[in-house]
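Asker: Can you keep this structure in mind? I'll have questions shortly.
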Amino acid sequence: MNSWSLEDIVGAVGGTVISKKECRLTGLGTDTRRDLSGNIFFALRGDQFDAHDFLPKAFAQGAAGLVVDRAEVVTEELRSLGTLILVPDTLRALQDFAKWYRSKLKAKVVGITGSAGKTSTKEFLATILEKRRKVFFSKGSFNNHWGVPISLLGIEPTHEVALIEMGMNHPGELTSLVEISQPDIVVCTMVGQAHIEHFGTVERIAEAKEEIYVTSKPSATRIFNLDNPWTLKMFERFEKSDPGGSRIIFSELELGRKNVDVSLHVEAMTLDGLVIRGKIRDVESQKKVKIFGHQNCVNLMAAAAAALACGLTPEEIWQGLGECHTVWGRNQLLQTESKIRILFDGYNANPESMLALLENISQLKASDSGPTRRIGVFGQMLELGQASKALHEKLGEQAAKAGFWEVFFYGLDFLEFSKGFRSINSTTPLHVQEKFTSDFADRLVQSARPQDLIVVKGSRGMALERMILPLGPLNFEKGSL
């Protein structure tokens, strides 16, 4: 665990020491529900809580020092409990601390963004690298204005490569994250309609995503997806502005293009995984990968390209691709004791990823999902703003064409989903409602039979695991919201 001197912390955050008890602090803390032994605790504000309201608890949990920005909450009793640093803004202090610490690190930092595929690409890249490099990678989706600094502060001096996921929901956010993390390698997996609520158009989303390329240091290696129209335009602009700049490109569609560094395609797809074939630099091969969904070919190519940038050979990368696997909530294949199979994709959802899943399910042979019964369970796609109702009506239309025996949906736009579904399909049993209830899950339990395939997808905030937990999926850990 990392440790820092009080002098270094104060110098990095520009704070004032208002009480001094510990001169060296170990590890970082932001949550008073966790063990904070020896930690420097930053009192951050969330949507619902302000950590300044729990400062005594932070010390009770073992924190050695606190960084605060509300002087009025600092009592004499609090001063007596440990080291206190007062700053103008705790979030900015956290970011400044992470930026300072990043400047001291020798690890090569990889910055990963995209409307879809960020976390999957990060996980696949970690798998490819971990037997060949000492790798740090952020857990879950710690990818925002506080998650990225926390991730950076978890990198240890012995790490050779650090994988940092970078999300955004407003212009300028990626610029800020790039300034803090100073990545050596950057990639945008693709641009789609995720977070359109905050931008209004896909064009504006693309402009914001391009910040990762525009604001990264000149020496950084930029990785481009040539198959997405928005990232292709980013590549073309980069080629004009910096023709000699370091870049790696990947494409499934342009298989014959000589200067494509990574080109993979899906040879076959079953519920158990993909067979991918193609070329990494000049090395051709084929691998079975335990990951479901054609769209993951993009994420595998992005990971392979980043591995090249990290110095791995094509042979090492091919071997690593065969070791990649599904992580919690992302096209996760589960089974119950009664032989019901569940494809659980409850980690995130947007219009592009929903369509990809439905297309994948439509392409499966009947033998891949038992006799003929496939049940669809869907939840609201969040952060779509004014486009939400129209996009959920479209989703209903798409789901109606996918060949499900029965369909469930819950979320605010349940009426629009139903309207779209019934405009295409008037016979398939359809159950919709605004919010999750245990009765809704019970209805699914009553419908499911051995050998059925239940396909589950929706935004993380919908907590769709509640629909399948009553079925008793084996080896399934509950996720966190």
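Every read-out reported here was derived from the displayed coordinates using simple, explicitly stated rules and does not represent laboratory data. Everything numeric in this text was worked out from a predicted model, so none of it was measured. Counting neighbours? That spans all protein chains shown, and the Cβs are built from the backbone with ideal geometry, glycine included.
Asker: Read phi for every residue in region 214-226 and hand back ³J(HN,Hα) as whole Hz from Karplus 6.51 cos²θ - 1.76 cosθ + 1.60, θ = phi - 60°, with x for Gly and Pro.
Answerer: The phi angles translate into 5, 9, 5, 4, x, 7, 5, 8, 9, 10, 10, 8, 7 Hz.
Asker: Of all alpha-carbon pairs in the chain, indicate the percentage at a distance above 33 angstrom.
Answerer: 44
Asker: Something else about it: By a straight-distance test (C-alpha under 16 Å), which lysines pair with K419 as possible cross-link partners, with residues fewer than eight away in the same chain excluded?
Answerer: Within reach: K389, K394, K401.
Asker: Please identify the chymotrypsin sites (Phe, Trp or Tyr not before Pro) of region 399-473 that satisfy two criteria: DSSP loop assignment and at most 10 other Cβ atoms within 10 Å. Which are they?
Answerer: Within region 399-473, no chymotrypsin sites (Phe, Trp or Tyr not before Pro) qualify (loop, at most 10 other Cβ atoms within 10 Å).
Asker: Taking the Cα atoms of region 95-217 alone, what are Rg (to one decimal) and Dmax (as a whole number) in Å?
Answerer: My reading of the Cα-based Rg and Dmax gives 13.7, 43 Å.
Asker: Using a Förster radius of 35 Å, what is the FRET efficiency between E179 and I18 based on their Cβ-Cβ separation? Nearest 0.05, please.
Answerer: For E179 and I18, the calculated efficiency is 0.75.
Asker: When the dipole is taken about the Cα centre of the chain, and only Lys, Arg (+1) and Asp, Glu (-1) are charged at their Cβ, what size is it in debye, to the nearest 20?
Answerer: The calculation lands at about 800 debye.
Asker: Can you grab the distance from the C-alpha centre of region 185-229 to the C-alpha centre of region 58-109, Å, no decimals?
Answerer: Their Cα centres are 32 Å away from one another.
Asker: So what is the diffusion coefficient of region 281-415 in µm² per second by Stokes-Einstein at 20 °C and 1.002 mPa s, using a Kirkwood Rh over Cα pairs?
Answerer: Answer, rounded: 126 µm²/s.
Asker: Further question: Using the charge dipole of the chain (Lys, Arg: +1 at Cβ; Asp, Glu: -1 at Cβ; taken about the Cα centre), state which of I164, V266, F49 has its Cα farthest towards the positive end.
Answerer: About the Cα centre, the residue reaching furthest to the positive side is V266.
Asker: Give me the orientation-averaged projected area of the Cα convex hull of region 105-321, in nm², one decimal.
Answerer: Computed as one quarter of the Cα hull surface, the answer is 11.3 nm².
Asker: Let me ask something additional. Pull up all non-local amide H partners of L66: gap of 5 or more, or a different chain, and H-to-H distance under 5 Å with H placed in the peptide plane.
Answerer: F41, T83, L84, I85
Asker: Next up: Hey, what does the equivalent ellipsoid look like for region 392-442, semi-axes from the Cα gyration tensor as sqrt of 5 times each eigenvalue, largest first, whole Å?
Answerer: Listed largest to smallest, the semi-axes of region 392-442 are 18, 13, 7 Å.
Asker: Can you list the aspartates and glutamates whose alpha carbon is less than 18 Å from that of K108, not counting same-chain residues fewer than 8 positions off?
Answerer: Reachable aspartates and glutamates: E123, E130, E156, E160, E165, E179, D184.
Asker: Follow-up. Based on Cα positions only, what radius of gyration and what Dmax would you give for region 144-272, in angstroms?
Answerer: Computed over the Cα atoms of region 144-272, radius of gyration and Dmax are 16.0, 44 Å.
Asker: May I pose another question? Let me spell out the model: positive unit charges on the Cβ of Lys and Arg, negative unit charges on the Cβ of Asp and Glu, origin at the Cα centre of region 332-471. What dipole size does that give, in debye rounded to 20?
Answerer: Dipole about the Cα centre, nearest 20: 280 debye.
Asker: Hey, got a sec? Which trypsin sites (Lys or Arg not before Pro) in region 88-133 land in a DSSP loop and have at most 10 other Cβ atoms within 10 Å?
Answerer: Listed in order of number, the matching sites are K106.
Asker: Based on Cα coordinates alone, diagonalise the gyration tensor for region 198-286, multiply each eigenvalue by 5, take square roots, and list the semi-axes in whole Å, largest first.
Answerer: 27, 19, 11
Asker: At what distance in nm do the modelled label points of K233 and S103 sit from each other, each positioned 7 Å from its Cα along Cα→Cβ?
Answerer: Simple spin-label model gives 3.6 nm for this pair.
Asker: Could you pull the Cα extents of region 1-120 along its three principal axes, largest to smallest, in whole Å?
Answerer: Between the extreme Cα coordinates on each principal axis of region 1-120 lie 48, 33, 26 Å.
Asker: I need the semi-axes of the equivalent ellipsoid of region 332-471: take the C-alpha gyration tensor, multiply each eigenvalue by 5, square-root it, list largest first in whole angstrom.
Answerer: Here the semi-axes work out to 22, 16, 14 Å.
Asker: For region 105-321, what is the relative contact order in percent, using Cα pairs closer than 8 Å and at least 6 residues apart in sequence?
Answerer: 21
Asker: Enter the angle in degrees (range 0 to 90, nearest 10) between the Cα long axis of helix 351-363 and the first principal axis of the Cα atoms of the chain, meaning the one along which they spread out most.
Answerer: 40
Asker: Continuing with the same structure: Got a sec to turn the phi values of region 46-52 into Karplus ³J(HN,Hα) couplings, 6.51 cos²θ - 1.76 cosθ + 1.60 with θ = phi - 60°, whole Hz, x for Gly and Pro?
Answerer: Taking θ as phi minus 60°, the curve returns x, 5, 10, 10, 10, 4, 5 Hz for region 46-52.
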